[in-house]
Structure formats: structure tokens, C-alpha cells
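Okay, structure first, notes after.
The values are calculated or read from the model by the stated rules, or taken from the named source; none is laboratory data. Everything numeric in this text was worked out from a predicted model, so none of it was measured. Note that we place each Cβ from the backbone using ideal geometry, even for glycine, and neighbour counts take in every protein chain shown. For accessibility, only protein heavy atoms count, side chains too; no ligands or nucleic acids. Shrake-Rupley method; radii C 1.70, N 1.55, O 1.52, S 1.80 Å.
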Amino acid sequence: MNGTTLSRPRPMANAWGTLHSFFGELRREPLGFIGLMLIVALILVAILAPWIAPYSPSRQSLSEVLQPPSVAHWMGTDEFGRDILSRLIWGAQITMRTVLSVTAIVGPIGLLIGVTAGYFGGRVDAVLMRITDIVLSFPSLILALAFAAALGAGLGTAIIAISLTAWPPIARLARAEALIVRNTDYVAAARLYGASNLRLLTLYIAPMCIPSVVVRLTLNMATITLTAASLGFLGLGAQPPMPEWGAMISAGRRFMLDQWWVAVMPGFAILFTSLAFNVVGDALRDVLDPRHTKN
Amino acid sequence: MTDTKEILTVQNLDVTFARSAMKAVAGVSLSLGQGKVGIVGESGSGKSTLGRAIMRLLPPSATVTASKLTFDGNPLLSQSEREMRALRGNRMSLIMQDPRYSLNPVLPIGRQVAETAILHKGLSKSAARAVAAEMLDRVRIKDVARVMESYPHQISGGMGQRVMIAAMLLSRPRLVIADEPTSALDVSVRGEVLELLNELVTADGSSLLLISHDIRMVASFCDRIVVMYKGRIVEELSRLSDARHPYTLGLIAAMPDARHPVHRLRVPDRATFDATERSGSPA
Amino acid sequence: MSMIELQDINVRYHSGKSENHVVRGVNLSVARGECVGIVGESGCGKSTLLRSLVGLEGHWTGSISINGEALGPIRTKDQLRCAQMVFQDPFASLHPRHRIRRALSEPARCMGLPVDDARIAAALEEVGLPASFADRFPHQLSGGQRQRVAIARALIVEPPVLLLDEPTSALDVSVQAEILNLLSDRRDERGLTFVLVSHDLSVVAHMCDRIFVMQNGGFVDELSPADIGAGEARDAYARQLLAASFLEELA
């Protein structure tokens, strides 16, 4: 009846519908497209590491210690004569494993807690959100440090430690979405035909929260990359001789002035990876989240 | 068309949106003098697009062409964005369905109205506030002092429309385009807002283009009724009883009428008037 | 025996010390097969009353009975099945990620009724939509088509009472006519009882046998469709509503 259908905000349904045409939309977001290509390349590199790495990441050669970049070693060698490029390629595997594991743990937990709090409201909401606030108030790196220190250093501990600090923002976001969705007419209609709470939560409310959670998770991947590298740098993540990027920088620090490539090469790897996740997350938001559509 | 001086002349206006082959507005010609003209049509008829095209407020993806589009002697299509901005809100104004989107959300109402007074009358700040209060009182806002300190989200839709009209009483636009100004309002407030719009138009001898889906309201309020369907003007009437076009007749028949109760309403048959449209009917 | 009995319904919301008395002592009795209209402006409590009646709003006091059964604020599935509701905004009343098939099968499944493709096709046909619409998403439908689906969804659990909250106020005039016809036909066919809430007096006069005017949470006047046609009312506020509706414009 109103003539303003043009200005009506794009319904969320279309947001989901556009997921398949995401690549089409990304073409108009060149930066996001480059980011996505980078991440795809990184995943391929991580999977194909055994075949594409020119050397073994742990092969030491005392005759080739601290060589500058050359034809034989494109990114030079470290203090044990190991090929830095090969170590970065294998390191991609560690980074990807960390990022994906943390995301796989954090996504469902954050969604579950947030949606439950938002849907039930009242006391459930108060309790769950206070817990979230408490965790959120800790600086995530410090908390991760404490956990890593308590449980012993290692990649597994690092993953658990990062996960423990990464779910609250997801939970908050999911709660905010659930608060909106629970008051919609379609949820009211579902109540009228006797849909159970569990059914409403899983089949009606959670699916509506997923797009923004996915966007947030993608943006989070950048932070996870950085936190993982920081833990590695401090010696609390993956342990030597594993080729973890943060640990590599830490080791290369000693040669920073004379043999810059030892620390700078893994530094670039971390920089580009987290940048790529950020850029893709932003592009995803433009495509998935109707509130951020450009006019 | 009218004896008085023409304020707005539209000839052969077309609007096309980038990705669609269909014209949202096709070959519309209109001329507005002093008085109230209503545009009615259903959603998708292009009535809102037409209003925004005249104000040059369509997104860049829209292409607007016209053999003539002049407002007060200014060819609107060749004006720069800067010149348009000077015209809009000054000599031509747009009132939208929800006034709260047209007002600045972070400034109190009083300041926004006073701002208009400063801009148009060159008054000092304190004098402008006094004039703003006077105008808000003139649009029958009770408790003016409190409203002036309120922010747009704190007032009702009806109040918002009155504030918009108060600001217009200061800027005295020659042309007011009102796009569904009352459809978000309660029935009892609706009458008052229309009455204020009427005062605004008659006091200054300006022109009002009222865009609405509500045929009854337009018929009772406006001097002329323009019926749009699928981007075209199908009929121009001065009274509903003069309607001849099957589309207009169909719309009228589809409305429930308490004085002539029927068991089933007549549903307009689009195929018929699409056919008459093609064969060329009196438009 | 009446289908709906409301006695002394009050709804109060408390926030801190202030009390918001939204519905004030409403009594209403609706006969089986009758259509009763409630008109009033936004904030008059008509939607709250409807939501209390249907079981979406639990803060009421008084007594509600539908089909002879006294109902409390929390309803069993069988009690919920007595009354279903059609909402105002067809863009918000269907789950955007559920295909039409799902929108129609969910109510039946939740109520433990048998449902298959033939049942869905029949439900769609009943509201004048082709069976092929079952595979569509709501955003692929027009406003009028969505409202038809919403009506089919309410009817699929076969309630004796249908509550209509401004069912056509978001629709174009011609689509409104189609939906109102559809509702009248289903009512004739199934002997449904309607309670229709609207701000549009001509719609209410067209559909309803009796019309209540609501203001500040209470009924202030009762009108017949003929009263509305003649523009007559006892209450001053009701007369004001009649005057503001431009009912005389259609000659």
C-alpha cells in the first residue's frame, strides 16, 4: 500500500540468498576479492605443503646458516640453515589449523550462549551475559597466556586458550540478533502453533543469527592469527622445532639487524594473513549484512 | 492548464533504473500552479519515484529524462547538485512518510526550526528561537517549550509532521511534495496535518503535490487527482465521480463502502485495463 | 453458546513505580460464526487485547474462554489450536529462510497433525495459490501472496476462531479486496468466528457484524455497519473517527 517499497531495507532472506552469488558481488569489491584469493591460496599452500615446500622444514644444514635470499633459498635460511620459505609453507598449516580449530570451537559456543540468552531473557540472560562480561573484561592475550602457562605450552593449549577468550563477542552479537528475532511475528505465529522452545531456538532463531556470526567469525580470524603468533612469539604456543610463524620471529629477533630476513619473512606472512581475513570479513559484511549495504 | 502562473512544468518525464528494462515512470506530463494536486496509485505505480525525480533525489542508478522539467523558471535537470541543494528545503520541500527520518536525529527540534529561521530570515539566534516557538505554536503544538528541547526520536509521527510544516512556514517553499505524509499517522491526527498543509499552501499561494495510496483522502483534499498506473498517468480528474478509465473505476470499486454494503468486493481485473491501455484509451 | 467470552480483562505493565494500564476492564462476547471488529488508534490497547486473547500475552487478569473452555495465560497445544492469528505485516510474519512448504507444514507438525504434499497443495489452493508455490521462499512472493500464505498457515490447524490484526493495512486497495474476499469465503465455508482489529472503518464495516470502538484501553462505543454507513455514533470519540475517515467520498 505504501509507495516506499524501494526504500524498504533488504530482507534478511535475500542476505542468505545472496550467499551463492557472493563471488559475483565480490567482483565489485576488488579488495575483498584479493583477500579471498589470498586466503584460498594460503589454504592450498597449507594442504599441499609436503609437495610444494622445496626443503624439509626441519632439515638443518650447518654450511648454509643465515644465508640471505638467493635462487636456492628464496627467502634465505635461519640460524640452523633451515630454508625459511619451506618453514613458512609448513607454518601456514599450523596457522590454518589454529584459526580453523578456534573458529570451529568458538562459533557454536558463542551462538548457543548468545541465542539462549537472547531468546529466554530474564534470569537466564542475566547469568549468561554476566559470565560473558567477565570473560570479556580480561585482556584476551593475558588470559590466553595464563591458560597456556597453567596447562603447559603447546599448540593444543594455545588453541584452547584462544578459544576461551574468543567466544564472548560472538555470544553478544548472537544475543543482540536473537533479541530482535524473538519479537518478530513469525516467531509469535510459531508460538501459536505450539512450537517448543528447542524448536524455536534451533530452527527459527539461530538460522537468522548465522550471517552476522559468520561475518564476525571471519573478522575474528585476523585476531586469532595475531594472538596465535603472539603466543608462539612468547614461547607458549607451538614448540620448536615446529615452524610456527610467531616462534620464527622470536628466534629471528636476535639477528634482526644483520640478517633481517629471518624475522621479517614470517612477519610478512602474519601481516598478510590477518589483513586478508580482515578484508574478507568486511566484504562479507557488505554482502551478508543488510544494515551495511551501500547505497 | 490552470490560469494562474505555472510553478512546476513536467513534460514527458521518464525514469529508468539501471538494471531494469522497464521504465519506472514513463512519459509523465504534469503542470502545477497554485493549489493542491494529488497523485494516487498502488505500490509500483511510480508515484513516489515521480516525486523524487522532480526533487532530483533519486539514487545515481536512476536515469531521469524529460523534454521539459522546470520549476519556477529553473530547468531542474540541468541544475548542479549544489544548486539543487539550495532549491531543496528552500523553494521546494519534501515531506516524507516518517518525518523523523527527515529531521536531524542529534539536534533538538527547536534548534532545527530556528536554524531555518536564521537561514531564511537572517535573524539573530535569540530572535530565531522566538520565531521558531511562534511557528510551532501555529502548527498547534501544545507545550512548545518542551517540544523545542526534544530530539526527533522523542516525538510522535504526527508531531514530527507538524514540526516539518512549521519549518516550511518559515522557508515558504513554492512547491511542497508530500509523499504519504499521513499514512503513518492515526486517523484523528491525519485531519489536522492535512489542515495545516492546506493553510501552508493557501497562505503563500504555493503548490502542493500530495502523493498517496488513499484515493478517498486525495479526493476530499485535493483540487485535482492524478491517477498513475505502471509508471503512466492514466487519468486526471477533478472529482472521483468523473472517473472513466477502467483502472480508476476498478480501484474505486475495490474499496469497501459502508453505505453500499456488499458481500464480496469487486476485484479489479488487471488484464482488462492493461488491454485498454495498449489500445490507447482516453488518458 | 458464545464462541469467545471475555470478562473484565485488564492488562497492566509495571516498570518501576509507574504503571501502564493498557487494557481496562474489557467485556466481550462473540457468538459462533460472528465477525466482531475492534477499531481504535495506535496505543489504544486493541493489539494487546488480541494478543491476550490468543495466548501471546500473559499479563492479563480477568477471564477468557474460547469454545466453552476457560483459558489461562499459558496454553496447552489443544487450547492454542482454538484460535490462530493473522498478522499485519506480511513481510514480517513469515520466516525468511523457510520455504512455503515448511511454513505450512510446521504448524501441522507441531500440533501433531498429519501433513503431506497433498495437504499443503490443498492448503495453498484454499487461499488461491498454485501448489508450485510450496517451493518458494517468502521473498519471492508479493505482499498479497504472503498474506495468503499467512492465512493458509493459520487455517491449516483448523481453528474455530481466527484473529485478524490489521490483515490488509499493508496492502494495496485491489489486493485488500482479494484478501477480504478470501477471508469472507473461508468464513462462510468453515463457519469461522472472526475478531478483526483495524484502524480502517470501511474495512471493519464491510467485514463485521458488530464493531467496538476502543480508546485508552476500553470500549467506548458499539456500532453496527449501518451506523458507520450513516456516519452515526453515540460517543464523541467514535464520531471523530467517523468524520476523519472520508467515508463520504465514494459516490
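Screening the candidates A:ILE249, A:ILE224, A:ILE270 for the property of being closer than 30 Å to A:GLU177 by Cβ and either surrounded by 19 or more Cβ atoms within 10 Å (Cβ to Cβ) or in contact with a helix residue (DSSP H, G or I) (Cβ under 7 Å, 6 or more places away or on another chain) (or both) yields one hit, A:ILE224.
Here is a yes/no grid of residues against (1) at pLDDT 95 or above; (2) open to solvent by 10 Å² or more (accessible area, probe 1.4 Å); (3) within 17 Å of the chain's Cα centre (by Cα); (4) of a type in the set (Phe, Trp, Tyr):
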residue: C:VAL149; (1), (2), (3), (4): yes, no, yes, no
residue: C:THR168; (1), (2), (3), (4): no, no, yes, no
residue: C:ALA177; (1), (2), (3), (4): no, no, yes, no
residue: C:HIS199; (1), (2), (3), (4): no, yes, yes, no
residue: C:ILE228; (1), (2), (3), (4): no, no, no, no
residue: C:GLU232; (1), (2), (3), (4): no, yes, no, no
residue: C:ALA236; (1), (2), (3), (4): no, yes, no, no
residue: C:LEU247; (1), (2), (3), (4): no, yes, no, no
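Under the condition of being outside any helix (DSSP H, G or I) and touching a residue at least 12 places away in the same chain (Cβ under 8 Å), the residues counted in the stretch A:122-148 number 1. Within the stretch B:214-224, being open to solvent by less than 30 Å² (accessible area, probe 1.4 Å) and within 15 Å of the chain's Cα centre (by Cα) holds for B:ILE215, B:MET217, B:VAL218, B:ALA219, B:PHE221, B:CYS222. Please indicate, with yes or no, whether at least one residue in the stretch C:163-178 is in contact with an Asp or Glu (Cβ under 8 Å, 6 or more places away or on another chain) and not assigned by TED's automatic domain parsing to the domain that holds C:VAL54. No: zero hits. Could we say that C:VAL157 is at the interface with chain A (Cβ under 8 Å from one of its Cβ atoms), among the β-branched types (Val, Ile, Thr) and touching a strand residue (DSSP E or B) at 6+ places or on another chain (Cβ under 7 Å) here? Against the criterion (at the interface with chain A (Cβ under 8 Å from one of its Cβ atoms), among the β-branched types (Val, Ile, Thr) and touching a strand residue (DSSP E or B) at 6+ places or on another chain (Cβ under 7 Å)), C:VAL157 qualifies.
Only one of the listed residues (B:ARG111, B:ARG174) is in contact with a Phe, Trp or Tyr (Cβ under 8 Å, 6 or more places away or on another chain) and more than 14 Å from chain C (Cβ to nearest Cβ). That residue is B:ARG174. Taken residue by residue, the stretch A:187-199 has at least one member that is open to solvent by less than 20 Å² (accessible area, probe 1.4 Å) and of a type in the set (Val, Ile, Thr). Answer yes or no as to whether B:TYR247 is more than 10 Å from chain C (Cβ to nearest Cβ) and aromatic (Phe, Trp, Tyr). No: the conditions fail for B:TYR247.
Conditions tested, residue by residue: (1) closer than 26 Å to C:VAL54 by Cα; (2) of a type outside the set (A, V, I, L, M).
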residue	(1), (2)
C:ALA92	yes, no
C:ARG101	yes, yes
C:GLY112	yes, yes
C:ALA118	no, no
C:ALA131	no, no
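Here is a list: C:ALA205, C:ALA177, C:ALA170. Which entry is within 12 Å of chain B (Cβ to nearest Cβ) and assigned to a loop (DSSP other than H, G, I, E, B)? So the residue among C:ALA205, C:ALA177, C:ALA170 that is within 12 Å of chain B (Cβ to nearest Cβ) and assigned to a loop (DSSP other than H, G, I, E, B) is C:ALA170.
Among residues of the stretch C:195-220 that are among the polar types (S, T, N, Q), those with a beta-carbon under 9 Å from a residue that is open to solvent by 50 Å² or more (accessible area, probe 1.4 Å) at least six positions away or on a different chain give the pairs C:ASN216/C:ARG24; C:ASN216/C:GLY43. Given (1) facing another protein chain (nearest Cβ under 8 Å); (2) under 28 Å from A:LEU288 (Cα atoms), identify the lone condition not met by C:ARG102. Going through (1) facing another protein chain (nearest Cβ under 8 Å); (2) under 28 Å from A:LEU288 (Cα atoms) one by one, C:ARG102 breaks only (1).
So that you can scan it fast, the table gives a plain yes or no per residue for (1) surrounded by fewer than 17 Cβ atoms within 10 Å (Cβ to Cβ); (2) more than 27 Å from C:ARG239 (Cβ to Cβ):
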site	(1), (2)
C:LEU6	no, no
C:ILE9	no, no
C:SER18	yes, yes
C:ASN27	yes, no
C:ILE38	no, no
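Among the residues of the stretch B:225-270, write down those that are open to solvent by less than 80 Å² (accessible area, probe 1.4 Å), assigned to a strand (DSSP E or B) and touching a residue at least 24 places away in the same chain (Cβ under 8 Å). Across the stretch B:225-270, the qualifying residues are B:ILE225, B:VAL226, B:VAL227, B:MET228, B:TYR229, B:ILE233, B:VAL234, B:GLU235. May I ask you to list the residues in the stretch B:165-205 that are surrounded by 22 or more Cβ atoms within 10 Å (Cβ to Cβ), assigned to a loop (DSSP other than H, G, I, E, B) and at negative phi? Within the stretch B:165-205, B:PRO173, B:PRO181, B:THR182, B:LEU185 qualify. Checking the stated criteria, A:ILE142 turns out not to satisfy the condition of being open to solvent by 40 Å² or more (accessible area, probe 1.4 Å) and modelled with pLDDT of 95 or more. Counting the residues of the stretch C:72-99 that are among the charged types (D, E, K, R), at the interface with another protein chain (Cβ under 7 Å from one of its Cβ atoms) and more than 27 Å from C:LEU6 (Cβ to Cβ) gives 1.
Results for (1) more than 14 Å from chain B (Cβ to nearest Cβ); (2) under 16 Å from C:MET1 (Cβ atoms); (3) touching a residue at least 60 places away in the same chain (Cβ under 8 Å), shown as yes or no for each residue.
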{"site": "C:SER18", "(1), (2), (3)": "yes, no, no"}
{"site": "C:SER29", "(1), (2), (3)": "yes, yes, no"}
{"site": "C:CYS35", "(1), (2), (3)": "no, no, yes"}
{"site": "C:VAL39", "(1), (2), (3)": "no, no, yes"}
{"site": "C:LYS46", "(1), (2), (3)": "no, no, yes"}
{"site": "C:VAL54", "(1), (2), (3)": "yes, no, yes"}
{"site": "C:GLU57", "(1), (2), (3)": "yes, no, no"}
{"site": "C:SER65", "(1), (2), (3)": "yes, yes, yes"}
{"site": "C:GLU69", "(1), (2), (3)": "yes, yes, no"}
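Report whether or not A:ARG175 is more than 15 Å from the chain's Cα centre (by Cα), within 30 Å of C:SER93 (Cβ to Cβ) and more than 14 Å from chain C (Cβ to nearest Cβ). Against the criterion (more than 15 Å from the chain's Cα centre (by Cα), within 30 Å of C:SER93 (Cβ to Cβ) and more than 14 Å from chain C (Cβ to nearest Cβ)), A:ARG175 qualifies. Suppose the filter is more than 14 Å from every other protein chain (Cβ to nearest Cβ) and either touching a Lys or Arg at 6+ places or on another chain (Cβ under 6 Å) or of a type in the set (Gly, Ala, Ser) (or both); does B:ALA62 pass it? For B:ALA62, the condition - more than 14 Å from every other protein chain (Cβ to nearest Cβ) and either touching a Lys or Arg at 6+ places or on another chain (Cβ under 6 Å) or of a type in the set (Gly, Ala, Ser) (or both) - is not met.
Wholly within the stretch C:48-137, which helices (runs of 4 or more DSSP H) include no fewer than the required count, namely at least 2 residues that are more than 28 Å from C:VAL23 (Cα to Cα) and more than 20 Å from the chain's Cα centre (by Cα)? The qualifying helices (runs of 4 or more DSSP H) are C:100-110, C:117-126. Scanning the stretch C:159-183 for residues that are out of contact with any helix residue (DSSP H, G or I) (no Cβ under 7 Å at 6 or more places or on another chain) and free of Cβ contacts under 8 Å to residues at least 24 places away in the same chain turns up just one, C:ASN181. Taken together, the residues in the stretch B:127-155 that are open to solvent by 90 Å² or more (accessible area, probe 1.4 Å) and among the polar types (S, T, N, Q) amount to 1.
Conditions tested, residue by residue: (1) among the acidic types (Asp, Glu); (2) surrounded by fewer than 19 Cβ atoms within 10 Å (Cβ to Cβ).
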| position | (1), (2) |
| --- | --- |
| B:VAL10 | no, no |
| B:MET22 | no, yes |
| B:LEU32 | no, no |
| B:VAL37 | no, no |
| B:GLU42 | yes, no |
| B:SER45 | no, no |
| B:PRO59 | no, yes |
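Counting only residues that are touching an Asp or Glu at 6+ places or on another chain (Cβ under 8 Å) and within 11 Å of chain C (Cβ to nearest Cβ), how many does the stretch B:218-229 have? Residues meeting the conditions: 4.
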